[in-house]
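K.L.:
My questions will all concern the structure given below.
The values are calculated or read from the model by the stated rules, or taken from the named source; none is laboratory data. Model, not experiment: these values are computed from the prediction. Note that each Cβ is placed from the backbone with ideal geometry, even for glycine, and that neighbours are counted across all protein chains shown.
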Amino acid sequence: MNLLLLLLIAGVRFVSSRCECGYVTKDAGDDEPMVFMDLLETDFTENNDVSKSSDWTRQQFNVSAENGRGVYGKSFLPSNIVILPAEREASSSPGSCLGLRVSSTICDDAVSAAEIDTARRDLHWGSYRAGMKLSATNGTCAAFFWYLNDTQEIDVEFLSREFNFEEGIYPVNLVIQSKQSREAGYDASKTDTFKRIDLDFDPTAGFHEYRFDYTPGKVVFYADSKRLAVMQGGAIPSAAGHLILQHWSNGNPKWSGGPPAQDAMLRVGYIKAYFNSSDAQHQADLTRQCRDRRANGAACMIPDVTAGNASTGGDFLNDEGNTTGQETNDDEENGGGSQCCQSKVGSLLVAMVAAVLIF
């Protein structure tokens, strides 16, 4: 381990008002910690208005059945991004959460769906995390992923048609789209960068954290801070991109299935991203802010999230607080049409710098 990193680790603490020299994560299977410079934390449990966020953008676009390789097209609408109140029957539910709805109604041969993206497009090497509760309604695809283009993409995808509640089988599809998957007709299952892992919990029964760490030539996937899979090699992306949350269906029997017989809701409690920027000027600005790498709290350890605190996301390193919104949407899994009240996202983008392992 190099001397500079030793000095950083010596100054690490778990929650800091500064963290001006970055954010540190360590996997039990790795010899050295990783240090990332930037932080983006969004706590959707604070019931805030995503339509007013500078960090996230609600998407509106259409995908034809042909282009989406489905029976139906997909129609992504901002009205399908909603804020849901706490679930009355769930004692472990957060106060509220973001909902991404897939409609059961077919309009103009398209299924109504939902997507939000980060506004920034310079998210490079990093640790990316989402607290989510999946829909139990058959026939949708819920996805949390990093994206540059169709051959540089890191996906965590859930197909509700694959859930077998009687047998307790709950797969998650871990996918890296690459040039090889494009040559296979965008069927990554025919490549080395596709793994279907059975979770040891029901992802529709409560919130869990899904995470991937993207570093040069390597991606490691986790659930509740437990390692699920590792992918390495030349098919791993190498550029910067952005994060996407998506919930959709197009009737493709080999993937999403559906459309759902009733409206389906993906619930999202929070997003956490600790990363390095690909913007050279931004990097230089960050470097100037890291004044003393040896100071106590100069770098902050990223807390692990487990099943016990995935509903709230545990500790956030952003201690600036959240701006509370006033509107909620009482739509539950089975109803609500396309009317919604959006929430103001309580997120703060903190740009800090560290002497990092990964450039």
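K.L.:
Please give the number of the condition S181 fails out of (1) of a type outside the set (A, V, I, L, M, F, W, C); (2) outside any strand (DSSP E or B); (3) surrounded by fewer than 20 Cβ atoms within 10 Å (Cβ to Cβ).
P.N.:
If we test S181 against (1) of a type outside the set (A, V, I, L, M, F, W, C); (2) outside any strand (DSSP E or B); (3) surrounded by fewer than 20 Cβ atoms within 10 Å (Cβ to Cβ), just (3) comes out false.
K.L.:
So, in the range 269-292, how many residues would count as being at pLDDT 90 or above and of a type in the set (V, I, T)?
P.N.:
The number of residues fulfilling the criteria is 1.
K.L.:
Quick check on my filter: what residues within the range 207-238 are surrounded by fewer than 19 Cβ atoms within 10 Å (Cβ to Cβ) and assigned to a loop (DSSP other than H, G, I, E, B)?
P.N.:
Taking the range 207-238 as the starting set, the residues that turn out to be surrounded by fewer than 19 Cβ atoms within 10 Å (Cβ to Cβ) are 216-218, 225-227, 229-230, 232-234, 236, 238.
Matches in the range 207-238: P216, G217, S225, G233, G234, I236, S238.
K.L.:
Would you check which residues across the range 156-174 are aliphatic (A, V, I, L, M) and either over 19 Å from G131 (Cα atoms) or more than 17 Å from the chain's Cα centre (by Cα) (or both) and list them?
P.N.:
Kept after step one, since they are aliphatic (A, V, I, L, M), are these residues of the range 156-174: 156, 159, 169, 172, 174.
Residue satisfying the conditions is I169 alone.
K.L.:
Working only within the range 84-116, note down all residues that are buried (at least 24 other Cβ atoms within 10 Å of the Cβ) and either aromatic (F, W, Y) or at pLDDT below 95 (or both).
P.N.:
Within the range 84-116, L84, P94, C97 meet the criteria.
K.L.:
Return yes or no: is A119 buried (at least 23 other Cβ atoms within 10 Å of the Cβ), at pLDDT 95 or above and under 18 Å from the mean Cα position of the chain (by Cα)? Please lay out each step first, then the result.
P.N.:
Working: buried (at least 23 other Cβ atoms within 10 Å of the Cβ): no; at pLDDT 95 or above: yes; under 18 Å from the mean Cα position of the chain (by Cα): yes.
Considered against the rule, which asks whether it is buried (at least 23 other Cβ atoms within 10 Å of the Cβ), at pLDDT 95 or above and under 18 Å from the mean Cα position of the chain (by Cα), A119 comes out as no.
K.L.:
Could you list, in sequence order, the residues of the range 293-314 that are farther than 18 Å from D27 by Cα, loosely packed, with under 15 Cβ neighbours inside 10 Å and either modelled with pLDDT of 90 or more or in contact with a Ser or Thr (Cβ under 7 Å, 6 or more places away or on another chain) (or both)?
P.N.:
G308
K.L.:
Please indicate, with yes or no, whether at least one residue in the range 22-32 is hydroxyl-bearing (S, T, Y), at pLDDT below 90 and not in a helix (DSSP H, G or I).
P.N.:
Within the range 22-32, the subset hydroxyl-bearing (S, T, Y) is 23, 25.
Now restrict to residues that are at pLDDT below 90: none.
No, the range 22-32 contains no residue that is hydroxyl-bearing (S, T, Y), at pLDDT below 90 and not in a helix (DSSP H, G or I).
K.L.:
Yes or no: the range 189-204 includes at least one residue that is among the polar types (S, T, N, Q) and within 30 Å of L39 (Cα to Cα).
P.N.:
Step one: list which residues in the range 189-204 are among the polar types (S, T, N, Q), which gives 189, 191, 193, 204.
Among the residues that remain, those that are also within 30 Å of L39 (Cα to Cα) are: 193, 204.
Scanning the range 189-204, I find at least one residue that is among the polar types (S, T, N, Q) and within 30 Å of L39 (Cα to Cα), so the answer is yes.
K.L.:
Here's something else I'd like to know. Of the residues T140, T204, only one is surrounded by fewer than 23 Cβ atoms within 10 Å (Cβ to Cβ) and on the phi < 0 side of the Ramachandran plot; which? Show your work before the answer.
P.N.:
On the way: T140 fails: surrounded by fewer than 23 Cβ atoms within 10 Å (Cβ to Cβ).
Step by step, each of T140, T204 is checked, and only T204 is surrounded by fewer than 23 Cβ atoms within 10 Å (Cβ to Cβ) and on the phi < 0 side of the Ramachandran plot.
K.L.:
Just to be sure before I move on: is L40 closer than 21 Å to Y214 by Cβ and at pLDDT 95 or above in the structure I sent? Before you say what the answer is, go through the steps one by one.
P.N.:
Details: closer than 21 Å to Y214 by Cβ: yes; at pLDDT 95 or above: yes.
Yes, satisfied.
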